[in-house]
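Notes follow once the structure below has been shown.
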Amino acid sequence: MEAYFDNSATTRVLDSVKDIVVKTMTEDYANPAAKHRRGMEAEQYIRMARTEIARTLRVSEKEILFTSGGSESNNLALIGGALANQRAGKHIISTGIEHPSVYRPLEYLEELGFEITFLPVDRNGHISLEELQKSLREDTILVSVMYVNNEVGAVEPVEEISRIIRKKNSATLFHVDAIQAYGKYIIRPQKQGIDLLSVSGHKIHGPKGVGFLYIRDGVKIKPMIYGGGQQRDMRSGTENVPGVAGLGVAAREMYRDHEAKIARLTDLKDYMIDRVSELEGVTVNSKKGEGSAPQIVSVSFEGVRSEVLLHALEERGIYVSSGSACSAHHPGISGTLKGIGVAQKLLDATIRFSFGIFNTKEEIDYCMDVLKELLPVLRKYRQS
């Protein structure tokens, strides 16, 4: 049996996504900027995808900018937003549990002379709204907070955060990394007061190498890629028609029968938490209920290094993560786990299980049987 529990790293594409990607690679393959009929047919796929995505967010189609994925969307929002608005100030606020594609651009901005304030989180991974209020200043031009934490699944109160920002300084931009949230939550940027929203296609059973950035109409942002002036001069370069077309289909499918999909994911998550809690020497870092996402379960296994357990599970056909797959080239102890107060001895003993729409309870039962068999052996091996 095989059990793929690494859906927060990437997901298997839907058949409908695969079909449209193949079609736009082998049949409707023209350059969408071409003036002939085949070019216009290719461009139509981009328009359809933009319409589908805008509909899921209830925003204007012109507010959707296609990118190469979540990392580019985050970089463009932060660097482009900061550089375009630096005359108003150079202070930026974020949190101590952000993804590297937020944290590292902020480091770069710090090198350029921007001042960054990182907000701490509580044991559940939630920021202190009081600390946010204290940290906001007249020269705060940007606040960036992830909607769902990619390691433990903590859900931040984005609407309350926006309300506090608006009350203090209505000109401050609010960026939300929604890479683990889009497809799992009903997101309404206008109602929730979000100015910039980052999304990645391969987290929602769409293709890799494509994503989008929602940019509220009127928000100033400096482009990072110059050239032929595609996408209204905001991101030059020939559009990735197969990727964009696949992303549009994935977005549509994830929000079709959405309640049923999320109820099923939540059921799987709760079942996993209940089953893994039966094991000895286990600490579950993710919570049940509204404050935590429906697809992520972080578990610390005392006495077993996460990398050792990951490979032991892999040998039995079970695929998990020992942290953010996107930070694999910058290894180290997770800032998220430290931030929520995970015990020192468990920092290097934590595994993330993340679910997608293809997972089943039978796979979880198989995983539990394997863990019951492996854990005593691995613990004994470490002690010897």
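The values are calculated or read from the model by the stated rules, or taken from the named source; none is laboratory data. These numbers were taken from a predicted model, which means no experiment stands behind them. Areas reflect the complete protein model, heavy atoms only, side chains present, ligands, DNA and RNA absent. Shrake-Rupley method; radii C 1.70, N 1.55, O 1.52, S 1.80 Å.
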| What residues qualify as long-range amide H neighbours of A3, i.e. H under 5 Å apart, gap of 5 or more or another chain, H built at 1.01 Å from N? | I318, Y319
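Over 20 Å, how big is the tail of the calculated P(r) for the range 76-187, in percent of all Cα pairs?
Details: 2235 of 6216 pairs.
That tail contains 36 percent of the Cα-Cα pairs.
Per-residue ellipticity at 222 nm for the chain, helices alone: DSSP H runs ≥ 4 residues times -39500 (n - 2.57), over residue total, nearest 500 deg cm²/dmol?
Numbers: 13 runs with 147 residues, N = 384.
So the helix-based figure for the chain works out to -11500 deg cm²/dmol.
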| field | Kirkwood hydrodynamic radius (C-alpha pairs) into Stokes-Einstein, the range 67-142, 20 °C and 1.002 mPa s, D in µm²/s | value | 165 µm²/s
| field | Nonlocal amide H pairs with A293, under 5 Å, H built at 1.01 Å | value | A154, V155
| Candidate values (i) 19.3, 61; (ii) 21.3, 71; (iii) 23.4, 81, label of the one derived for Rg and Dmax of the Cα atoms in Å | (ii)
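Summarise the accessible area of the chain (1.4 Å probe, protein heavy atoms) by the percent that is carbon and sulfur.
Details: 8460 of 17110 Å².
Of all accessible area on the chain, carbon and sulfur atoms account for 49 percent.
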| remark: If one builds a Gaussian network model of the chain from Cα atoms under 10 Å apart, the most fluctuating residue listed among E41, E107, E27 is E27
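What accessible area per residue comes out for the chain, rounded to a whole number of Å², with a 1.4 Å probe?
45 Å²
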| remark: Computed over the chain: longest principal axis from alpha-carbon atoms vs helix 37-57 long axis, angle to nearest 10 degrees, is 60 degrees
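Is the shape of the range 9-123 best called rounded, prolate or oblate, per the rule: a/c under 1.5 gives rounded, else a/b larger than b/c gives prolate, else oblate, with a ≥ b ≥ c the square roots of the Cα gyration tensor eigenvalues?
prolate
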| remark: With Cα coordinates, the longest principal axis of the chain makes an angle with the long axis of helix 241-254, in degrees rounded to 10, of 60 degrees
